[in-house]
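Undergrad: My questions all concern the structure below.
The values are calculated or read from the model by the stated rules, or taken from the named source; none is laboratory data. In this text, all values refer to a predicted model and were calculated from it rather than measured experimentally. Note that each Cβ is placed from the backbone with ideal geometry, even for glycine, and that neighbours are counted across all protein chains shown. All accessible areas refer to the heavy atoms of the entire protein, side chains included, with ligands and DNA or RNA removed. Shrake-Rupley method; radii C 1.70, N 1.55, O 1.52, S 1.80 Å.
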Amino acid sequence: MQTQRPFSLLCELTYRCPLQCPYCSNPLDFARRAHELSTPEWKRALTEAAALGVVQAHFSGGEPLLRPDATEIIRHAHDLELYTNLSTGGTLLTETLAGQLRAAGLDSLQVSIQDADAENSDRMAGGAPSFAKKIEAARLAKAAGLSLTLNVVLQRQNIGRMEAIIALAEQLGAERLELANTQFNGWALKNRAALLPTRAQVQDAARLARAARERLKGRMEILYVLPDYFEPFPKACLHGWGRVFMAVAPDGTALPCQTAREIRGLTFDNVRERSLQKIWFESEAFCKFRGTDWLPEPCRSCSRKEADFGGCRCQAFLLTGEAAATDPACSLAPRHDLVDRALAETEAATEAQLIYRTANASLRISEAGQPIGSIGSRRRQTPKLPGPRE
């Protein structure tokens, strides 16, 4: 099989963040991962990416605006003629910084908002007031002439306010609204009992998204994809492992997807030690699950194998302990019962105490040696959202 070149690079500039979202895609042990790439190292990685064929550079974190060199790095990507996008929590954006980002050549800015309800948005972000800052960040982005995307991670505590979320995006003049259903890995899997919506909630949200997409056609793009747990077949995660996408973590670790380091037993190369060219074409991590030759049954004999490539490797590992297993989200998977069980627990109305993404929580989890995807819940009658715990 001939390996195609990547066209998209995710640059996670830092794991540091002023927010504490309980569904963050950063690794559970992020507090132990220091030694961020320097400015010259990021520039070299971007230069190598452009030479490799990458045409899009996405900057995220953590909170990428905590890096004082963020605009310099973005300017370098722009000079390489890469399309650039920055994802931010919005709390650090100022009028001056928005202007600097525009001057650096940033093409698009994405602001994450936890809810259209200010109180719940603040609570899901960790408790400190942040909603008003996010709204102001969206307005500053528009005023600076940046293309604005609003990103809202949907979960049980906000999915019932879809209409208000769509209305907020309209009011802010967003060109694109990403209604991103929670991916249950990392911190989200740790909090699955509190975040997984019911089937009725998901179906209603899908109906509202379809109606809004039709109504706003030509004015605002709306992205809504049904979550894996509620579909009969999984999706090709990032168009397939090691096919078009690669990520570089803050410490320089190169990954086939930003959560891949949760898979234990895989060796991931670092851009400090190997070029992106060699990593993409030769590294164990990128080659391991590329294509279809590695697929187990029933995937190997399935007519959908070239469409979904067996589903998500991280999800397979976190739920079954085996990265090469069929994604349990697939209705044909030998361990589909794991997803059925999670959905049944959600319908039974469980309460779970949220574990917020804090450095202290990260260190406790790391020191306890808990499995990356371990979860826990307590059966009660109604869901509750406590404040962040240090």
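Undergrad: List every residue pair whose Cβ atoms lie under 8 Å apart, where the two residues are 6 or more positions apart in sequence or sit on different chains, the first residue falls within the stretch 186-203 and is at negative phi and without any contact (Cβ under 8 Å) to a residue 60 or more places away in the chain, and the second residue, located anywhere, is among the polar types (S, T, N, Q) and open to solvent by less than 30 Å² (accessible area, probe 1.4 Å).
TA: If the second residue must be among the polar types (S, T, N, Q) and open to solvent by less than 30 Å² (accessible area, probe 1.4 Å), the pairs left are Val202/Asn181.
Undergrad: Kindly provide the set of residues from the stretch 260-303 that are farther than 20 Å from Pro234 by Cβ, out of contact with any helix residue (DSSP H, G or I) (no Cβ under 6 Å at 6 or more places or on another chain) and assigned to a loop (DSSP other than H, G, I, E, B), ordered by number.
TA: Matches in the stretch 260-303: Arg264, Gly265, Arg272, Glu273, Arg274, Ser283.
Undergrad: Restricting to the stretch 98-134, what's the tally of residues that are without any contact (Cβ under 8 Å) to a residue 40 or more places away in the chain and in a helix (DSSP H, G or I)?
TA: Selection size over the stretch 98-134: 8.
Undergrad: Just a yes or no: is a residue in the stretch 185-204 over 29 Å from Gln353 (Cα atoms), open to solvent by 60 Å² or more (accessible area, probe 1.4 Å), at pLDDT 95 or above and not small (Gly, Ala, Ser)?
TA: Within the stretch 185-204, not a single residue is over 29 Å from Gln353 (Cα atoms), open to solvent by 60 Å² or more (accessible area, probe 1.4 Å), at pLDDT 95 or above and not small (Gly, Ala, Ser).
Undergrad: Another question, if that's okay. Pull up the stretch 57-74, narrow it to residues that are within 14 Å of Ala45 (Cα to Cα) and hydrophobic (A, V, I, L, M, F, W, C), then point me to the one that is surrounded by the fewest Cβ atoms within 10 Å (Cβ to Cβ).
TA: Within the stretch 57-74, the match that is surrounded by the fewest Cβ atoms within 10 Å (Cβ to Cβ) is Ile73.
Undergrad: Please verify whether the stretch 40-54 includes one or more residues that are more than 22 Å from Ala169 (Cα to Cα), assigned to a helix (DSSP H, G or I) and in contact with a Ser or Thr (Cβ under 8 Å, 6 or more places away or on another chain).
TA: There is at least one residue in the stretch 40-54 that is more than 22 Å from Ala169 (Cα to Cα), assigned to a helix (DSSP H, G or I) and in contact with a Ser or Thr (Cβ under 8 Å, 6 or more places away or on another chain).
Undergrad: Which residue is least open to solvent (accessible area, probe 1.4 Å), if the candidates are limited to the stretch 209-259 and must be over 30 Å from Arg32 (Cβ atoms) and in a strand (DSSP E or B)?
TA: Per the stated criteria, the residue is Ile222.
Undergrad: Looking at Gly291, Gly310 in this structure, which one is closer than 18 Å to Tyr229 by Cα and either at pLDDT 95 or above or not polar (S, T, N, Q) (or both)?
TA: Selected residue: Gly310, the only one of Gly291, Gly310 that is closer than 18 Å to Tyr229 by Cα and either at pLDDT 95 or above or not polar (S, T, N, Q) (or both).
Undergrad: Among the residues in the stretch 110-119, are any surrounded by fewer than 20 Cβ atoms within 10 Å (Cβ to Cβ), modelled with pLDDT of 95 or more and more than 18 Å from Cys21 (Cα to Cα)?
TA: Residues of the stretch 110-119 surrounded by fewer than 20 Cβ atoms within 10 Å (Cβ to Cβ): 117-119.
Remaining after also requiring modelled with pLDDT of 95 or more: 117-119.
In the following step, the residues that additionally are more than 18 Å from Cys21 (Cα to Cα) were identified as none.
No, every residue in the stretch 110-119 fails to be surrounded by fewer than 20 Cβ atoms within 10 Å (Cβ to Cβ), modelled with pLDDT of 95 or more and more than 18 Å from Cys21 (Cα to Cα).
Undergrad: Here is a follow-up. Check Ala348, Ala329, Ala307 and return the single one that is small (Gly, Ala, Ser) and surrounded by 14 or more Cβ atoms within 10 Å (Cβ to Cβ).
TA: Ala329
Undergrad: Here's something else I'd like to know. Could you give every pair whose Cβ atoms fall below 8 Å, whose first residue belongs to the stretch 21-34 and is among the basic types (Lys, Arg), and whose second residue is open to solvent by 20 Å² or more (accessible area, probe 1.4 Å) and assigned to a loop (DSSP other than H, G, I, E, B), counting only separations of at least 6 or pairs across chains?
TA: Within 8 Å, the pairs are Arg33/Asp251.
Undergrad: Follow-up. Give the residues of the stretch 146-175 that are farther than 25 Å from Leu106 by Cβ and in a helix (DSSP H, G or I), sorted by residue number.
TA: Matches in the stretch 146-175: Ile159, Gly160, Arg161, Met162, Glu163, Ala164, Ile166, Ala167.
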